[in-house]
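A.B. asks: Quick one: the structure is below, and I'll ask about it shortly.
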Amino acid sequence: MPRTRLLYVTDLAYPARGRRYCDEDIELTARLREDFDLALCHPRDALSLMDAFDAVVVRNSGPVLAYQDAYDAFRTHALRTGARVYNQLTGRADMAGKQYLLDLGAAGFPVIPTVDRAADLGLLPRAERYVVKPKRGADSMGLRIVTAGELPGLIDGSVLVQPRIDFAYEVSFYFVDHDFQYALYAPDPARRWALQPYEPTGADLDFARRFVEWNTVEHGVQRVDACRAPGGELLLVELEDLNPYLSLDVLPADRREAFVDALKEALHRFLGAA
């Protein structure tokens with residue numbers, strides 16, 4: 001019986017700071033080949049190749065801003081033809097920009113205070129510095145750290161503004177479909193990608209699951225990024241539902257193996273249900 005053909009979308013040459021995307025995708029594709037026929041391609045080539053495959057797996061493809069036209073064309077074609085794409089193209093978090101941070105904050109979710117209008121700057125806690133980031137940004141692309149006096153001239157509707165919080169550490173929770181897999185944290189706030197395994201409490205997992213359940217991705221890998229605020233609570237920094245880097249190299253061998261098994265099983269479920 002013919003095996004399912006997967007087109008695996010990645011940018012092996014993307015220069016991520018503190019990470020090597022290519023190593024992670026080389027390892028993952030080597031393992032996925034045990035179950036699927038698989039080919040790799042750059043995100044700019046996905047549209048022209050995807051129709052020859054049974055499904056597309058989007059992994060470490062880099063910030064969409066670097067190839068926005070190509071991504072928009074790929075997404076439009078996939079939705080029009082009903083192509084099977086993992087992660088599903090139904091996400092309403094980073095996949096759709098960062099408007100969700102405003103929406104979640106307005107709905108009472110524990111999110112870093114965020115505004116996008118000059119008239120709302122007074123709603124933010126006072127801080128010595130503020131973070132300004134594009135609504136369509138990713139991987140710190142276009143991010144700026146500024147003073148309060150610089151803010152009015154920067155807000156034009158295309159950026160978000162957040163106070164720069166003196167947090168204890170950042171922590172990320174990783175899910176395959178809606179199943180929790182592992183957590184990692186950066187004990188030194190100045191070294192975001194110097195990660196270590198983290199054992200979450202029940203309250204931590206409740207926090208993370210709340211955002212995964214809110215999102216509209218039934219099939220896909222999601223990463224919930226949070227910071228431990230000065231008061232001890234967790235606040236959402238980002239819900240990555242398009243192409244989250246997984247930091248598999250940080251995991252012990254048994255946890256890494258368990259993740260790969262979970263991903264394989266999830267892909268088989270997704271393809272079998274389609």
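A.B. asks: Just for region 214-236: of the residues that are farther than 18 Å from residue 105 by Cβ and β-branched (Val, Ile, Thr), which one is surrounded by the fewest Cβ atoms within 10 Å (Cβ to Cβ)?
C.D. replies: 216
A.B. asks: Criterion first (over 17 Å from the mean Cα position of the chain (by Cα), of a type in the set (D, E, K, R) and either at positive phi or not in a helix (DSSP H, G or I) (or both)) does residue 45 satisfy it?
C.D. replies: So residue 45 fails the test.
A.B. asks: Related question: Within the bounds of region 185-195, is there any residue that is in contact with a strand residue (DSSP E or B) (Cβ under 8 Å, 6 or more places away or on another chain), part of a strand (DSSP E or B), without any contact (Cβ under 8 Å) to a residue 24 or more places away in the chain and not hydroxyl-bearing (Ser, Thr, Tyr)?
C.D. replies: Yes, region 185-195 contains at least one residue that is in contact with a strand residue (DSSP E or B) (Cβ under 8 Å, 6 or more places away or on another chain), part of a strand (DSSP E or B), without any contact (Cβ under 8 Å) to a residue 24 or more places away in the chain and not hydroxyl-bearing (Ser, Thr, Tyr).
A.B. asks: Quick one: in region 58-92, of everything that is in contact with a strand residue (DSSP E or B) (Cβ under 8 Å, 6 or more places away or on another chain) and modelled with pLDDT under 95, which residue is surrounded by the fewest Cβ atoms within 10 Å (Cβ to Cβ)?
C.D. replies: Filtering first and then ranking leaves 65.
A.B. asks: Still on this structure: Among the numbered criteria (1) open to solvent by 60 Å² or more (accessible area, probe 1.4 Å); (2) within 27 Å of residue 120 (Cα to Cα), which one does residue 165 miss?
C.D. replies: Answer for residue 165: the failing condition is (1).
A.B. asks: Looking at residue 4, is it among the polar types (S, T, N, Q) and surrounded by 20 or more Cβ atoms within 10 Å (Cβ to Cβ)?
C.D. replies: no
A.B. asks: Just for region 237-260: of the residues that are of a type in the set (D, E, K, R) and under 28 Å from residue 113 (Cβ atoms), which one is least open to solvent (accessible area, probe 1.4 Å)?
C.D. replies: 241
The values are calculated or read from the model by the stated rules, or taken from the named source; none is laboratory data. Here the structure is a predicted model, which is why all the values come from computation and not from measurement. A quick note on method: Cβ atoms are made from the backbone with ideal geometry, for glycine too, and the neighbour counts reach across all protein chains shown. What goes into the accessible areas is simple: the full protein's heavy atoms, side chains included, and nothing from ligands, DNA or RNA. Shrake-Rupley method; radii C 1.70, N 1.55, O 1.52, S 1.80 Å.
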